[in-house]
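Q: Structure provided below as structure tokens; questions to follow.
Nothing in this text is a laboratory measurement; each read-out follows from the coordinates by a stated rule. The shown structure was predicted, so the numbers you read here are calculated from the model rather than taken from an experiment. With ideal geometry, Cβ positions are generated from the backbone for all residues, glycine too; neighbour counts draw on all protein chains shown.
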Number of protein chains: 2
Amino acid sequence: MTSKQEFIEKLRNSSLRPTKQRINICEVLFNRDKTFHFTINDLFKLIKDKTGEKVSLATVYNTVHAFHKKGYLKEIPINSNQTYFDTNVTDHHHFFDVKEEKLIDLKNEDVGPIEIQKSIPGKKIKSVEVLVKLED
Amino acid sequence: MTSKQEFIEKLRNSSLRPTKQRINICEVLFNRDKTFHFTINDLFKLIKDKTGEKVSLATVYNTVHAFHKKGYLKEIPINSNQTYFDTNVTDHHHFFDVKEEKLIDLKNEDVGPIEIQKSIPGKKIKSVEVLVKLED
DNA sequence: TTCGTTGTTTATAATTATTCTAAAGAAGAT
DNA sequence: ATCTTCTTTAGAATAATTATAAACAACGAA
């Protein structure tokens, strides 16, 4: 069980006031054992299901984006009609089951080190992400 | 210079009749030396610029999707407001300059072998793609 | 060539994810 | 308490993509 104080801290760190709505969003996002892959729409529906309270879609977008900017959420690079996020912000990779539109975590050690032997002058590497698409 | 016959062949292989519009799309897509990264909108504008003839947006979408399905174009997994495609369909990876929204090819040997040491029962690997995000 | 069938193009409408807006309400500091 | 600033919200605006259906073009058979 993650404490409400942690949510408040996360919110304040993201320059967001801890409101009832945002705490509810945190409950759904961070009060879990396993990593959580979601779209804004998934999250929007889950909030009502889990907390019984409705939060407007705009608030969900705002809060998720603030968390993403602060590094509490990770965006998963996938071409889909919707944007996927991940509560696991550690360095890791993904399977994407194209048919079922489902994401599966790949531990870093499941992929092994990735060496980028090319560099672009004036630019540094921000992230290295592997996407493994799966088919039947 | 790629010949018109090749375009017609690509179109027929994709179950598309070789029309004037589609040949024009092929001119912009495949008549080049280097790999070409583009969005549908880029392509749409380039067709008018390069061929002097307008092709409707719907036709561009249809044709690009047919080529993608057939494997003549590759979709680049990136979260952007628009979908990026690549005329280089060989196994390779990308840099993405987040600030300039620009894609840069990474040759396969620039990345080295990627070993996926996990498998999902009943599924097989369709593709393995690395996206390296760049910042200043 | 001509005709009939089937596939294609196009403008436009529909759909959908995301962002914007502005008014009403809540949080925080004094 | 009160004032300022931030937040929530419904709904409108935006933008990429997909669907529609009428006019048109490619193809193949006679």
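Q: For the stretch B:91-134, what number of Lys pairs, 8 or more residues apart or on separate chains, have alpha-carbon atoms under 16 Å from each other? Could the numbers behind the result be given before it?
A: Details: B:99/B:133; B:102/B:133; B:107/B:133; B:118/B:126.
Pairs that pass both the separation and distance tests number 4.
Q: Sorted from shortest, what are the nm distances separating the label point of residue A:49 from equivalent points in the other copies, each placed 7 Å from Cα along Cα to C-beta?
A: Computed spacing set for this position: 4.6 nm.
Q: Using modelled amide H (1.01 Å from N, peptide plane; none on Pro or chain starts), what sits under 5 Å from the amide H of residue A:134, excluding residues fewer than 5 places away?
A: Residues meeting the amide H criterion: A:96, A:97, A:98, B:126.
Q: If you count the DSSP beta bridges with both ends in the stretch A:90-134, what percent of them are antiparallel, to the nearest 5?
A: Values: 5 of 9 bridges.
If we restrict to bridges inside the stretch A:90-134, about 55 percent are antiparallel.
Q: May I pose another question? Any idea what the relative contact order of the stretch B:91-134 is, in percent, if you count C-alpha pairs under 8 Å spaced at least 6 apart?
A: Working: 42 pairs, mean separation 22.9, N = 44.
In percent, rounded to a whole number, it is 52.
Q: Same structure, new question: How much net charge surrounds residue B:8 when only other residues with a Cβ under 11 Å from its Cβ are counted (Lys, Arg +1; Asp, Glu -1)?
A: Details: positive: B:4, B:10, B:12, B:17, B:22; negative: B:6, B:9.
After counting each charged neighbour, the total is +3.
Q: Please list 3J(HN,Hα) in residue order for the stretch A:61-75, calculated via the Karplus relation 6.51 cos²θ - 1.76 cosθ + 1.60 where θ = phi - 60°; whole Hz, with x for glycine and proline.
A: After applying 6.51 cos²θ - 1.76 cosθ + 1.60, I find 4, 4, 5, 4, 5, 5, 5, 5, 4, 7, x, 8, 9, 10, 8 Hz.
Q: From the P(r) of the protein assembly as shown, can you give the percent of Cα pairs sitting at distances over 23 Å?
A: Numbers: 22319 of 36856 pairs.
The calculated P(r) of the protein assembly as shown puts 61 percent of pairs beyond 23 Å.
Q: Here's something else I'd like to know. Normalised by the number of residues in chain B, what is the relative contact order in percent for Cα pairs under 8 Å and 6+ residues apart? Display every interim value, and only then the final one.
A: Details: 146 pairs, mean separation 25.7, N = 136.
Contact order relative to length: 19 percent.
Q: Residue A:82 label points, 7 Å along Cα→Cβ, one per copy: pairwise distances from this copy to the rest in nm, shortest first?
A: Label-point distances to the other copies, shortest first: 2.5 nm.
Q: Taking a label point 7 Å from Cα toward Cβ, how far is residue A:31 from its twins in the other copies, in nm, shortest first?
A: 6.3
Q: Can you give the FRET efficiency to the nearest 0.05 for residue B:109 and residue A:107, using r as the Cβ-Cβ distance and R₀ = 25 Å? Working shown, then result.
A: Values: r = 26 Å, r/R0 = 1.03.
Calculated value: 0.45.
Q: In whole Hz, with x marking every Gly and Pro, tabulate ³J(HN,Hα) for the stretch A:6-15 from phi via Karplus 6.51 cos²θ - 1.76 cosθ + 1.60, θ = phi - 60°.
A: Karplus values, whole Hz, x for Gly and Pro: 5, 5, 4, 4, 4, 5, 4, 4, 8, 6.
Q: Among all the lysines, which ones have a C-alpha under 17 Å from residue A:10's C-alpha, if same-chain residues fewer than 8 places away are not counted?
A: Qualifying lysines at Cα under 17 Å: A:20, A:69, A:70, A:74.
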